[in-house]
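Student: Let me begin by handing over the structure; questions about it come next.
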Amino acid sequence: MAAKLRKGDKVIVLSGRDKGKEGEITSVDPKAGKAIVEGVNMAIRHTRQSQANQGGRIPKALPIDLSNLAVVDANGKATRVGFRMEDDKKVRFAKTTGDVI
């Protein structure tokens, strides 16, 4: 099955604690059905100081379910993603505007 949400997509959170927040997808785990979105679903992780990092209380983005995310279209609203063929190439498009993502 083709991926409707990919790394680099600008998305909005549809439900949960961070409903309405927008961010960019930094990574996707299709097997688990989750994605990490920059600035969304943040938690504080306590890390020990080392030569590589400062340590202390560091905010970290946790994975969020793909069903709770929607792509943001050109108008800045949530949209569903569809697929169509253009010049023998499969492309994703926004269902609200019809624009290619």
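Student: Just one of the numbered conditions (1) small (Gly, Ala, Ser); (2) part of a strand (DSSP E or B); (3) on the phi > 0 side of the Ramachandran plot is not true of Gly8; which one?
Tutor: (2)
Student: Next up: Does Ala35 qualify as being exposed (fewer than 10 other Cβ atoms within 10 Å of the Cβ), in contact (Cβ under 8 Å) with a residue 24 or more places away in the chain and under 30 Å from Arg84 (Cα atoms)?
Tutor: No, not satisfied.
Student: Same structure, new question: Of all the residues that make up segment 50-95, how many are outside any strand (DSSP E or B) and under 19 Å from Ala2 (Cβ atoms)?
Tutor: 7
Only the coordinates and a few stated rules stand behind these numbers; no lab work does. Predicted model, so just to flag it, every value in this text is computed and none were measured. Ideal geometry is used to build each Cβ from the backbone, glycine not excepted, and the neighbour counts take in all protein chains shown.
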